[in-house]
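Worksheet: one structure, shown below.
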Amino acid sequence: MEEKDEEQIMLQIQDTLVSLDLAERFFCCDIDACLGECCIEGDAGAPITPEEHAEIDRLLPVITPRLLPSALSRIEEAGTGYVDEEGDLVTQIVEGRNCVFTSYAPGGLCQCAIECAHSAGETGHFRKPASCALYPVRLTHYPTFTAVNYHRWDICRPAEKLGKKLGIRLYQFLKGPLTDYFGQEWYDELVMACEAYLEEYGK
């Protein structure tokens, strides 16, 4: 077997550079193990675009019935989004950690109030911000390309274990969100590139 070229650290798919983690890493969310902790941990909200921010504000009347009282107070005080220390537009947070759109199911399971409203047919096409749908993949936009990277976080260890048990790679787990965001042609190219890489290097 040929050794991997150390300079080959990304896959080029159209105008994106994709981390090899998407091909190499196994991943499948184990919500029973993590209880959706990614919605309530961290020092900033979820990245959103100005368009998503405007859509969230428009849909607020159907989302607010699902929000916690502390979240409603925070939104009334500071709005649904803010610009964080890195200059990124993100969703508002409560008590320095919880996304304001976090709701809870029995047993302490975290749920997205926006997604719950979507499941009830109340938000039209808008399910939730793309950054949430794509997680644990994060996008970084540059003038000439977009970097597609795996955000490694200890709370996602159960997802890595379950993915390995089921034989599901990260690019396979995120088929729907990646296709929704980049398009079918882009995703088909990603699949071919990942399969070719795995066949050559046997990861």
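The values are calculated or read from the model by the stated rules, or taken from the named source; none is laboratory data. Predicted model only: the values in this text are computed from it and were never measured. With ideal geometry, Cβ positions are generated from the backbone for all residues, glycine too; neighbour counts draw on all protein chains shown. Please note that ligands, DNA and RNA were not included when accessible areas were found on the heavy atoms of the full protein model with its side chains. Shrake-Rupley method; radii C 1.70, N 1.55, O 1.52, S 1.80 Å.
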Counting each pair of different Cα atoms once, what's the Kirkwood radius of the stretch 16-112 in Å, rounded to one decimal?
14.8 Å
Accessible surface, the chain, averaged per residue in Å² (probe 1.4 Å):
56 Å²
Radius of gyration and maximum dimension Dmax of the chain, Cα, Å
18.1, 60
Just flag the GluC sites (Glu not before Pro) in the stretch 79-157 sitting in loop per DSSP whose Cβ has no more than 14 other Cβ atoms within 10 Å.
Glu85, Glu86, Glu95
The chain, dipole about Cα centre (Lys/Arg Cβ +1, Asp/Glu Cβ -1), debye to the nearest 20
840 debye
Among the lysines in the chain, how many pairs, 8 or more places apart or on different chains, have alpha carbons under 24 Å apart?
10
Simple spin-label model, 7 Å along Cα-to-Cβ: Asp88 to Ala196 in nm?
3.0 nm
Two-site label geometry, Ser73 and Leu166: point separation in nm, points 7 Å out along Cα→Cβ:
3.9 nm
Share of accessible surface on carbon and sulfur in the stretch 99-194, whole %, 1.4 Å probe and ligands ignored, is 53 percent
Whole-number D in µm²/s for the stretch 107-173 (Stokes-Einstein; Kirkwood sum over Cα pairs; 20 °C, 1.002 mPa s)
149 µm²/s
Can you tally the net charge around Ser19? Count Lys and Arg as +1, Asp and Glu as -1, for every other residue whose Cβ sits under 11 Å from the Cβ of Ser19.
+1
Please tell me the relative contact order of the chain in percent, rounded to the nearest whole number, where contacts are Cα pairs under 8 Å and at least six residues apart.
34 percent
Once both labels are modelled 7 Å past Cα along the beta-carbon direction, what's the Lys175-Asp188 spacing in nm?
1.4 nm
Long-range amide H contacts for Val18: which residues qualify at under 5 Å (H placed 1.01 Å from N, peptide plane, sequence gap of 5 or more or a different chain)?
Leu11, Gln12, Ile13, Val148
